[in-house]
1. Which ranges mark the helices (runs of 4 or more DSSP H) fully within region A:97-206 that have 3 or more residues being aliphatic (A, V, I, L, M)?
2. Of the conditions (1) closer than 21 Å to residue B:180 by Cα; (2) in contact with a Gly (Cβ under 9 Å, 6 or more places away or on another chain); (3) open to solvent by 10 Å² or more (accessible area, probe 1.4 Å), residue B:153 fails just one. Which one is it?
3. Write out, first by first residue and then by second, each pair whose Cβ atoms fall under 6 Å of each other, whose residues are 6+ apart or on separate chains, and whose first residue, in region B:110-132, is open to solvent by 30 Å² or more (accessible area, probe 1.4 Å) while the second is outside any helix (DSSP H, G or I).
4. For residues in region B:52-89 being touching a His at 6+ places or on another chain (Cβ under 9 Å) and at pLDDT below 95, which is most open to solvent (accessible area, probe 1.4 Å)?
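The values are calculated or read from the model by the stated rules, or taken from the named source; none is laboratory data. Predicted model, so just to flag it, every value in this text is computed and none were measured. Glycine gets a Cβ as well: all are built from the backbone with ideal geometry, and neighbour counts include every protein chain shown. Remember, those area values only see protein heavy atoms, side chains included, never the ligands or the DNA or RNA. Shrake-Rupley method; radii C 1.70, N 1.55, O 1.52, S 1.80 Å.
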There are 2 protein chains.
Amino acid sequence: MNFRYPNGSRYVDHGLSKNLKVNAAQNNSTIFSDRGMSLEDEINKSNQYYLQNDIAVIHKKPTPISIVSVDYPKRSAARIKEAYFSKASTTDYNGVYRGKYIDFDAKETKSKISIPLKNFHEHQVIHLHKCLMQGGICFVMIKFDFDQSIYLLKASDLIVFWDNQKNGGRKSIPKKDIENLGYKVNYGFNPLISYLHAVDLIIDSQ
Amino acid sequence: MNFRYPNGSRYVDHGLSKNLKVNAAQNNSTIFSDRGMSLEDEINKSNQYYLQNDIAVIHKKPTPISIVSVDYPKRSAARIKEAYFSKASTTDYNGVYRGKYIDFDAKETKSKISIPLKNFHEHQVIHLHKCLMQGGICFVMIKFDFDQSIYLLKASDLIVFWDNQKNGGRKSIPKKDIENLGYKVNYGFNPLISYLHAVDLIIDSQ
């Protein structure tokens, strides 16, 4: 089972992919056996830790689907026979932490020097902006695949680059700017990526 | 197109159902042309109003699906050929309003005297409890079909009935108790149901 959602993220079949992950980790031959996972998997795993330890309740939203036809076989579960991926109107992750509404999206790039703004979608930027206006803690998590570095960039900073692009500015956010403006997210054991440390800094600076 | 999600809520095909709604409204012959809609439709419509007017950002989460097989026809959208409804681990609605994290589920009942607790699921109650612990504003919206009355009941009150049931207490929440403990949600024009008035009362009483 190997396919991709329209946003490019990998579909994870937890039965099969476990073996693949083990192989990937072995090939990596680092002490971080979970490195090499997709950013989405890393976030999901971290969210699970935060949830189980009553630190935060943050979930990935299900992928939106338009259903065309469903079968109801006798004595079995309803089977969707025809459906299509539909466009999400929000970001992928939201939840609650320290009384605050948390909202973000996650993006990976193979580029070594910047993240192209085409990785973000207009409706996601609008959604983040609307959530900011309601007092939410909004950001994007960006992973550079080449060095496995992850940064949290505030939505307010993303919006500056986004608007600038529309006015003829550059079509990507340089890694250098992300390093300066954003928060480095470190790998650890539990949670795998401790991104709520960065969220603490944002909340405490408000 | 007429089928139901596993939670019993109606699938709405916005092409076809528009006509059905008009007919329903005509048959109703009341001045509230939108009465007779499902609670889910009423909430979605109200959320759309709140969103468009920058009052709140609250969305229904997509129905979670487990995908088994996908087709990639040339020059057309990926087509899901086999998938199943999977169990949601959270409630259906969340978002942000006045800086607060909002989380709730919506239930309808045909009963005139109470709402059976079997309408709620253990994982939903646990999720609401966990969100409460993080300082979220959590509740359920309950609609009695027979008189089209809608109430907002705080999750903390729901949890009392839920735990009581487990200790041999009654298996439903009497409408009388919902009237006393909860907040009546009134129909209006814009938004269709102004449930954020009740949320204001909860926030302001904290």
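1. Numbers: elements: A:122-133, A:155-166, A:175-181, A:196-204.
Per the criteria, A:122-133, A:155-166, A:196-204.
2. Checking residue B:153 against (1) closer than 21 Å to residue B:180 by Cα; (2) in contact with a Gly (Cβ under 9 Å, 6 or more places away or on another chain); (3) open to solvent by 10 Å² or more (accessible area, probe 1.4 Å), the one that fails is (3).
3. Within 6 Å, the pairs are B:110/B:145; B:112/B:146; B:116/B:172; B:119/B:107; B:123/B:89; B:130/A:57; B:132/B:138.
4. B:87
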